Amino acid sequence: MKELIIISGKGGTGKTSLMAAFAYLAENKVLCDADVDAADLHLVTAPDILEKHDFQGGNTAIINKDKCTECGLCIDLCKWGAISETFEVNSIECEGCGVCVYFCPEKAIDFPLNTCGEWYISDTRFGPLVHARLGIAEENSGRLVSLIRQEAKKLAEEKGLDLILTDGPPGIGCPVIASIGGADAVLIVTEPSVSGKHDMQRVVQLANHFKVPAFLCVNKFDLNKDITDEIEKFAKEKGLTCLGYIPFDQIFTKAMIQGQTIFEYDSNSSSAQAIRKLWESLLENLSVCMKDK
C-alpha cells in the first residue's frame, strides 16, 4: 500500500484542485482529506456520508457549584484568567491544563472531554473518502489528522486498495507534521509568488527533517517566470525533483463552480494535459520510492 500526501507551504496554491484531478485519474485508491481546519475537497467530490463519528479532544474545567466552597484557590492558580470572581469558567479562555482540577481541595471541578469535531467515511464518484470537520476555534487538529489517516489505512486494507491519496493541510504546523509522518512521499504544490516560494522552502525543510521523499509541482508557473526560475534553482540546489509545471487556466475556476474536476469539465485543456503528465511522473517516482524502502 502506498500513501501519497499532497501539501503546500501556503493556502491558495491550487493544492485541492490538483488533488481532485488526481482523484479522477487514480485507480484502486482511498481518498483522505486531512485539511481538517478548512476541509473543502467535499465541494468537488460531493460525498455520500456512510458513517459519522464524533471526535473528542482536550478538556474544559467545569465548577460544580454544589461542591464548591469558593475558597478561591482555583482563581489564584489559573494562569489563563479563565475563572471569574463568581467561579464561572470561561470555556474559550480555559486551556484545559487541569491544574485547578488537580489542586481543588473539595474536588469540585469536573473535567470532561470536549466534542470538538466530526469525522466521516463517505462514498464518492471517485471511490471511498475519509474526511473530517473540526469545530470553529477548536484545537487538536493534529490528533484528528492522525485519526483519519489511520481510518483511511484501515479502509484501504479492508477493500484491498493499494493507494491512499491524501489532501494535506497547508503550512508547516502540527496538522502538516501529523499528515506527512510515515508517508511514502509528498507532493509539494507551490506557486510563483514571493510568499509561495518562501513557504515552499519551509515545507521542503520539514519533509527533509522527517525524511519523507518530496517532489515539487509549480502551479500557475507562467504568471511570474522569474520566480519560477528561482524555484527551479532552489530545487536543483536541494536535489528536489520538479515533476510538473501547470499553466494558469481559468478553467480551474469554472470547473470548481460546477463542482467538477478539470477533467470532467474540459479534459482537452492545456492544464488538464499538464496534470495528466504530472500524475504519470508522480506514479513512476512513487514506485521508485517504494522499491527503495
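For this structure, a couple of remarks:
- Residue count for the range 43-75, restricted to those that are more than 37 Å from the chain's Cα centre (by Cα) and among the charged types (D, E, K, R): 4.
- Verdict on Leu77 being modelled with pLDDT of 95 or more and surrounded by 13 or more Cβ atoms within 10 Å (Cβ to Cβ): yes
- Selection status of Gly9, more than 20 Å from Ala152 (Cβ to Cβ), touching a Lys or Arg at 6+ places or on another chain (Cβ under 9 Å) and not charged (D, E, K, R): yes
- Subset of the range 84-127 (residues that are over 21 Å from the mean Cα position of the chain (by Cα), of a type in the set (Val, Ile, Thr) and surrounded by 12 or more Cβ atoms within 10 Å (Cβ to Cβ)): Val89, Val99, Val101, Ile109
- The one condition in (1) in a loop (DSSP other than H, G, I, E, B); (2) out of contact with any strand residue (DSSP E or B) (no Cβ under 7 Å at 6 or more places or on another chain) that Ala39 fails to fulfil: (2)
- Test: residue in the range 158-173 that is among the basic types (Lys, Arg) and buried (at least 19 other Cβ atoms within 10 Å of the Cβ): no
- Test: residue in the range 263-282 that is part of a helix (DSSP H, G or I), within 29 Å of Ala207 (Cα to Cα) and of a type in the set (Ser, Thr, Tyr): yes
- Whichever residue in the range 252-285 is buried (at least 16 other Cβ atoms within 10 Å of the Cβ) and among the β-branched types (Val, Ile, Thr) and, among such residues, is farthest from Phe221 (Cα to Cα): Thr261
- Among residues of the range 48-74, those that are loosely packed, with under 12 Cβ neighbours inside 10 Å and either on the phi < 0 side of the Ramachandran plot or not small (Gly, Ala, Ser) (or both), counted: 8
- Residue list for the range 128-155, filter: of a type in the set (Gly, Ala, Ser), assigned to a helix (DSSP H, G or I) and buried (at least 22 other Cβ atoms within 10 Å of the Cβ): Ser141, Ala152
- When residues in the range 156-178 are screened for being part of a helix (DSSP H, G or I) and under 15 Å from Ala34 (Cα atoms), 5 of them pass.
The values are calculated or read from the model by the stated rules, or taken from the named source; none is laboratory data. Treat the numbers as computed from the prediction; the structure is a model and nothing was measured. Cβ sites come from the backbone with ideal geometry, for glycine too, and all protein chains shown count toward neighbours.
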